[in-house]
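Taking it in order: structure first as structure tokens, then the write-up.
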Amino acid sequence: MKKILRTAALALAGALALTALSGCSGGASASGVQIIRIGHNQSTNHPTHTGLLAFEEYIEGELGDKYDIQIFPSELLGSQNEMVQLTQTGAITFCVASNSLLETFSDNYTLFNLPYLFASPEAYHASMDDPNIVGPIFESTMQAGFEAVTWLDAGTRNFYTINTPIETPEDLRGLKIRVQQSPTNVRMMELLGGSATPMGFGDVYTALQSQMLDGAENNELALTDNGHGDICKYYSYTMHQMIPDILIGNLDFMKGLSEEERAIFDEGFQILNQTQRDAWETAVEEAKEKAENEQGVNFSYPDITPFQEAVAPMHQEMLEDYPDLAPIYELIQEHNAEYPADSQ
Ligand code: GCU
């Protein structure tokens, strides 16, 4: 079934790419209403989908005579990497991409991918809500043809494995662990001693099932929503990253909006952000309960100090490679001081 869906999706993505090449991006229907396609890689149960439905309702309520929002979940328009490219060309208008992937489009995004960057979820939220922090980063992909318009919560990333729990970095030695496709994630695994296997999110389930992988790392929803907890029975709270998802919009589309329309879209992005965040905590609690009780996943809480120590050099490396990011890194430290780890 998944294969059929994916084949149909690829055909659709191919058709969309051709549409963009022929210069008819956006897709106006016979009634003159412009179709806005938004792609994401989560299921329809996921807070991101719920948030996008609220966005759709608001925009169509305000501008329904002009825009028809269509949401494509579950990688129907392709993998996140493919969707970012479709958004760049204008074949689709928006997509949700993990901050991890955006690192290959602008170095500035490297910052939010750093392990143990944020001291607590509160510090992470405060940083992502701080325009002095996200502003310069979000603007940096304009040269790549898209604009980052809001962020979405993707929780805390932790390791989960098929056969043995991860209690210390030594437990990762020799294990093939799926990571997102970004140099920062590969470097992180190198320092932790595991073998990094970068691949797209949609391919992880099959790779785990065929034991091509020993494990992966993600938030709790991957266990239930994506079925990884059917295969991986050990989930260890290493809390190594809090990587936001980002809604990106095609730059030509964004620039083509009138001032009034832009204000309405900005309000819509706020509604999306708030709705998604409001749904996040409950979704995590439900996922944890289901994983524990129905899938038989064991949750453990190792001492994270050795993990933090192993990857600590990455902070200095990043500051040396991208000195322009230092002031933003410092602003994050202020939020970390305000919301330290024990503030949770
Ligand atoms: C999370 C995140 C996704 C990302 C996925 C991954 O689910 O929300 O945007 O694609 O992790 O690990 O690839």
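What to note about this one:
- Restricting the stretch 199-221 to residues that are near the ligand (Cβ under 10 Å from one of its atoms) and in a strand (DSSP E or B), the residue that is surrounded by the fewest Cβ atoms within 10 Å (Cβ to Cβ) is Asn218.
- Looking only at residues in the stretch 128-173 that are of a type in the set (D, E, K, R) and either closer than 30 Å to Leu53 by Cβ or assigned to a helix (DSSP H, G or I) (or both), the one that is nearest to the chain's Cα centre (by Cα) is Asp153.
- Any hit, the stretch 282-292, residues being away from the ligand (no atom under 16 Å from the Cβ), under 30 Å from Glu170 (Cβ atoms), modelled with pLDDT of 95 or more and surrounded by fewer than 22 Cβ atoms within 10 Å (Cβ to Cβ): yes
- Scanning the stretch 248-266 for any residue that is buried (at least 24 other Cβ atoms within 10 Å of the Cβ) and within 27 Å of Glu60 (Cβ to Cβ) turns up at least one such residue.
- Scanning the stretch 33-60 for residues that are within 14 Å of the ligand (Cβ to nearest atom) and of a type in the set (Gly, Ala, Ser) yields Gly39, Ser43, Gly51.
- Qualifying positions in the stretch 174-185 - outside any loop (DSSP other than H, G, I, E, B) and within 14 Å of the ligand (Cβ to nearest atom): Ile177, Arg178, Val179, Thr184, Asn185
- For the stretch 126-160, the set of residues classified as within 30 Å of Ser210 (Cβ to Cβ) and either touching an Asp or Glu at 6+ places or on another chain (Cβ under 6 Å) or more than 16 Å from the ligand (Cβ to nearest atom) (or both) consists of Ala154, Arg157, Phe159, listed by residue number.
- Applying a threshold of 7 Å to beta carbon distances and a minimum spacing of six or more residues, or different chains, the list of pairs starting in the stretch 148-166 at a residue that is under 18 Å from Asp303 (Cβ atoms) and ending at one that is among the β-branched types (Val, Ile, Thr) and modelled with pLDDT under 95 is empty.
- Close Cβ contacts (under 6 Å, 6 or more residues apart or on different chains) running from residues in the stretch 42-64 that are among the small types (Gly, Ala, Ser) to residues that are part of a helix (DSSP H, G or I) and surrounded by 15 or more Cβ atoms within 10 Å (Cβ to Cβ) comprise Gly51/Leu272; Gly51/Thr275; Gly51/Gln276; Ala54/Ile271; Ala54/Thr275.
- For the stretch 58-101, filtering for residues that are surrounded by fewer than 24 Cβ atoms within 10 Å (Cβ to Cβ), touching a Phe, Trp or Tyr at 6+ places or on another chain (Cβ under 8 Å) and of a type in the set (Val, Ile, Thr) leaves 2.
- Filter result (away from the ligand (no atom under 11 Å from the Cβ), over 20 Å from Pro169 (Cβ atoms) and touching a helix residue (DSSP H, G or I) at 6+ places or on another chain (Cβ under 9 Å)) within the stretch 224-246: Thr224, Gly227, Gly229, Asp230, Ile231
- Taken across the stretch 203-220, residues that are among the hydrophobic types (A, V, I, L, M, F, W, C) and touching a residue at least 60 places away in the same chain (Cβ under 8 Å) do not occur at all.
- Selection from the stretch 150-179 of residues that are of a type in the set (Val, Ile, Thr) and surrounded by fewer than 19 Cβ atoms within 10 Å (Cβ to Cβ): Ile162, Thr164, Thr168
The values are calculated or read from the model by the stated rules, or taken from the named source; none is laboratory data. What you are looking at is a predicted structure, and each value in this text was computed from that prediction instead of being measured. Here Cβ is always computed from backbone atoms with ideal geometry, including for glycine, and neighbour counts include all displayed protein chains.
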